[in-house]
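Here is the structure we will look at, set down as structure tokens.
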Amino acid sequence: MTDDAAERGPLAGLRLVNTSSNLVGACVGMFFADYGAEVVLVEPPGGSPLRHHPAWPVWARGSSSIEADLHDAAGVDAVRVLAGAADALLDTSRPGVMDRLGLGYEQLAATNPGLVYATVSGFGRTGPLAALQGYEGVVMAKIGGYDQFSVLVDRPGPAYASVPYCSFSASQLAVQGILAALVERTRSGLGQQVDTTMVQAIAAHDVFNWMVRLVARRYADAFTEVAPVDPRTQIPNSWMSYALIVGLSSDGRWLQFSQATPKLFQAFLRAVGLDGPEWHEAWADDDLQRRGAFRDRALEAIRSRTYAEWTAVFDRDPDVFAELYRNGRELLDHPQLVWEQRVVDVERPGYGRVRQPAPVVKLDGTPGRADRPVPTLDEHGPALRAAAPEDAAAAPDNAGAVTDTRAGTDTASAGMPLEGVTILELGTFFAGPYGAAVLSDLGARVIKIEQHDGDPIRWQLPMPELGAIKVLQGKESVAVDINTPEGRDIALEIAKRVDIVLMTFRAGVAERVGLDEASIRAVNPNVVYHSAVGFGVDGPYAHRPAYAPTIGAGSGMARRNIGSAVPEGPGLTLDEIKGGANRLGAANLTLGHADGFSGLGVAVGLLLGLLTRERGRGAQGVQTTMLATLSHVLSDDMFEYDGRAPVPAPDHELHGLHALYRLYPAADGWVFLAAPSPREWDALVDGLDDDAVAADARFATSDERRGHDAELVAALTGAFARRDASEWEARLTARDVACVQVVAGPSHAVLMDDDGLGRAMGIVTEVDHQILDRHTRLTAPMSFSRSTTRAGPAPVIGQQTDAVLREFGYSDARVAELRERGVVK
């Protein structure tokens, strides 16, 4: 590989036409530009609305800009020419819009059959909600998300969450779909349409609530679905809630402990002096008073030390750890990110030095770059418009493709996009394994090496297997003790014939067992070795245990949701600590969480490494971390430069961001209103049928409305109180104003129940499990116009041990011997 190739990036030579002006498009465009693709941002007259956001110098880095009015024939023609020479196009408009403009997939593929055309909508391309605008808040309201977040506030009603769960996750699904389709194109030479939704994006976050609900309903006499914390007593209901305890140090910093395995929990008990016989399994006692006393003693022990003193404890015992609940942009100063150079300073004309996250995926040979320029409006328009028609018809970069690419061949069956790809998974818990599970849905074969008692996530709930179903779906389980020489040799034998190795162990473990990158590459030089860890493969935090709440706290994600509603300081009473701890925990894990984001990031990293190899850029070492991924999740606020404007934040009671993007009580429930653009105001006023609002000069212009936001909130609160929520939804959506009834949660019930949204959208299916029999699961998180996907069941521990070992050359006698000696199970 030449130095020039490394400098240009692994996706150099590819063109993405980005027609989106929302957060989904911003994140997709930034990703492809970071890795060297030519990203052409198609901006409406006057520029993308995102240009007014403080994050513009981050989101637009590396893109080109062309101004095009898609309501004008010349603008449509310009985009058609761009798409004719493009490898991919991103469309986040509502279903049908691009087709009406003559820029739909079939219309563009007729002249460019190699085009990968990615579409992201709120609720799908068909169905009763397809016409709704795909605002983050609208999706969250309709899936029951804001109802679930009611635990964040003391007032009645739903609560607004600021983290962009749907939008960022949808961007990652779009990236995955484009990368997977480009991998498939290296075989077929053909592009295709990739489609996903924001509903599927947020559904990816559920860890095991889906399965808890299924079992509680199926075995109602034995199991009851309960909240993590009893709403009456505020006492935790499960061991996991104690293992993930939130406490306050004596100097007033909130700490998130994450002792999610029995070994780690015992270490925590020792650290807080609760490992004596009098507290034996108090966390599981039916006696609420004893459970509450245990929780109180633990909180008192946590606040008996300063944060510095706790840090000394963590240094002495690596099995005990708590992360700070960071605020705002504190993540940019996180010791691990700084040590790994995951934060960069880039000079930007008009902004000065901009401190911002580095590219999210690290590749050894072709790293990404964050220092490419930010375009002025239409900066590249003249050159792009001047491209000759014959240039527009040039074949896209189908590196490695050998199949005929004549127009009209798009109907050819493509199988699954990752058919023939094999992944060896070495790791546990959620983020890394879920990333591989996503690729399994797209056709990759995933062989998971498990310890004899299985991935510990299998045992996180009272009923075994429930906690692991989602991350194991579609995989083959091989139970091997890799701490033995023979077990290591089995893993190396499998590694010889795989495309990707996924490793999620804490720093040092892979080296200790002889399955580090150097050892794997010695037997398979053409392997993509992906390290997907919590904090990093080395550095000050690499050896720390990392789980979803750890990263959610340390990144600032949880604080982003709760805002100023939970105080921090050394003078809080025990009751205030208990209340704050419960709400911080809910802000961290209620619906979306760091595991879900990170798992989607792992899938992106796996696919980027695979496509990079398929395009001839080498089989490289790839690294994603949970912490670095969260710096991109929060990219709309995770940057610094002189004079930057503040990012809009919700009110203290978490209703929303401003009067036109907010929750309102209706006569019989709640609605969420999303009408932030000036063009929506007249339709809203017409639908409100409120003369006082219509005639009020304080609301006559966008500037006036911004300047009188509190008064507008009061006026709209009065207006919405006059009708039922369902009536407001029908009345305003008929005028194309996004105002929807807030659906009662929990979201997993909305998605999985027989009459729920998941069934209506066709995004759930049934599979057979060896223990749970037939159960519901999500389908693949995206669909393809030519390629198929699959939705397999999860294996039990070692279900495929014998079959896989035979395939890799082990005789039945040898397998029996290894089982007798405890090497395999």
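The values are calculated or read from the model by the stated rules, or taken from the named source; none is laboratory data. Since this is a predicted model, take the numbers as computed values, not measurements. Note: ideal-geometry Cβ built from the backbone for every residue, glycine included; neighbour counts use all protein chains shown. Heads up: the accessible areas ignore ligands, DNA and RNA and are worked out on the full protein's heavy atoms, side chains in. Shrake-Rupley method; radii C 1.70, N 1.55, O 1.52, S 1.80 Å.
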Self-check item: Diffusion constant of segment 177-315 at 25 °C, which comes from Stokes-Einstein with the Kirkwood Cα-pair radius and 0.890 mPa s, µm²/s
Solution: 132
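Show me 767-779, 42-54, 80-92, 727-739 ranked by packing, highest mean number of other Cβ atoms within 10 Å first. Please report the intermediate quantities before stating the final value.
On the way: 767-779: 15.6, 42-54: 17.2, 80-92: 24.3, 727-739: 19.1.
Order by mean packing, descending: 80-92, 727-739, 42-54, 767-779.
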Quiz item: Of all the C-alpha pairs in segment 620-750, what % are more than 20 Å from each other?
Solution: 54
Exercise. State, to one decimal in nm, how far the label point of S726 lies from the label point of T701, with both points 7 Å from Cα in the Cβ direction.
Key: 4.2
Quiz item: Roughly speaking, what is the centre-to-centre gap between segment 1-80 and segment 424-489 when only Cα atoms are used, to the nearest Å?
Solution: 38
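Within the P(r) computed for segment 710-796, what percentage of the Cα pairs occupies the region above 16 Å?
Values: 2636 of 3741 pairs.
Summing the P(r) of segment 710-796 above 16 Å gives 70 percent of all pairs.
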Quiz item: In whole Å, how far is the Cα centre of segment 603-643 from that of segment 269-320?
Solution: 37
Exercise. Take segment 720-762, compute every pairwise Cα distance, and split them into 5 Å bins from 0; I just need the percent in each bin.
Key: 6, 21, 19, 17, 21, 13, 3, 0
Practice problem: May I ask you to compute the full-extension gain from E711 to L288, defined as 0.36 nm times their residue separation minus their alpha-carbon distance, rounded to one decimal in nm? | Solution: 147.7 nm
Quiz item: For N327 and Q770, what does the FRET efficiency come to when R0 = 45 Å and r is the distance between their Cβ atoms, rounded to the nearest 0.05?
Solution: 0.45
Quiz item: For segment 577-634, what log10 I(q)/I(0) values come out of the Debye formula at q = 0.15, 0.22 1/Å, with one point per alpha carbon and no solvent?
Solution: -0.57, -0.86
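So what is Rg over Rh here for segment 184-259, counting just Cα atoms and using Kirkwood for Rh?
On the way: Rg = 20.9 Å, Rh = 16.9 Å.
Across segment 184-259, the Cα-based Rg/Rh ratio is 1.23.
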Quiz item: In a shell of Cβ-Cβ distance under 14 Å around E486, excluding E486 itself, what net charge do Lys and Arg (+1) and Asp and Glu (-1) give?
Solution: 0
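Taking only protein heavy atoms and a 1.4 Å probe, what accessible area per residue, in Å², does the chain have with all protein chains in place?
Numbers: 29390 Å² over 825 residues.
In whole numbers, the chain has 36 Å² accessible per residue.
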Quiz item: Just the Cα atoms of segment 22-148: what Rg and Dmax do they give in Å?
Solution: 15.5, 47
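Hey, any idea what % of the chain's accessible area is carbon plus sulfur with a 1.4 Å probe? All intermediate terms of the calculation are to be shown ahead of the outcome.
Working: 15120 of 29390 Å².
Within the chain, the accessible surface is 51 percent carbon and sulfur.
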Exercise. Starting from the Cα of A227, step 7 Å along the direction of its Cβ; do the same at E576; then give the gap between the two resulting points in nm.
Key: 2.3
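What is the sum of charges, Lys and Arg at +1 and Asp and Glu at -1, for the other residues whose Cβ falls under 11 Å from the Cβ of R61? Mind dumping the intermediate values first?
Details: positive: R348, R369, R372; negative: D34, D371.
Counting the neighbours of R61, the net charge comes to +1.
What Kirkwood hydrodynamic radius, in Å, does segment 526-664 give when the mean of 1/r is taken over all pairs of distinct Cα atoms and then inverted?
Working: mean 1/r = 0.0570 Å⁻¹.
About 17.5 Å, per the Kirkwood formula over Cα pairs.
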Quiz prompt | Over segment 647-695, volume per residue of the alpha carbon convex hull, in Å³ | solution = 102
Exercise. Could you tell me which helices of the chain pass both thresholds, a Cα extent of 20 Å or more along their own axis and a mean Kyte-Doolittle hydropathy of at least 1.0, with helices taken as whole DSSP H runs?
Key: 594-614
Exercise. Please give the peptides 524-537, 21-34 ranked by average Cβ packing (other Cβ atoms within 10 Å per residue), highest first, as a rough proxy for protection.
Key: 21-34, 524-537
Quiz item: Local charge sum around V163 (other residues, Cβ-Cβ under 11 Å, Lys/Arg +1, Asp/Glu -1)?
Solution: -1
Quiz item: Taking the alpha-carbon set of segment 429-490, what are its Rg and Dmax in Å?
Solution: 12.2, 35
Self-check item: For segment 753-819 and segment 728-750, distance of Cα centres in Å
Solution: 35
Quiz item: segment 443-595: percent of C-alpha pairs farther apart than 26 Å?
Solution: 43
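Eigenvalues of the Cα gyration tensor times 5, then square-rooted: what semi-axes does that give for segment 1-57, in whole angstrom, largest first?
On the way: eigenvalues 129, 25, 15 Å².
Ellipsoid half-lengths, sorted descending, are 25, 11, 9 Å.
Equivalent-ellipsoid semi-axes (√(5λ), Cα gyration tensor) for the chain, whole Å, largest first? Before the final figure, lay out each step's value.
On the way: eigenvalues 303, 261, 128 Å².
Ellipsoid half-lengths, sorted descending, are 39, 36, 25 Å.
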Quiz prompt | Compactness of segment 91-159 - radius of gyration and Dmax, Cα, Å | solution = 17.2, 58
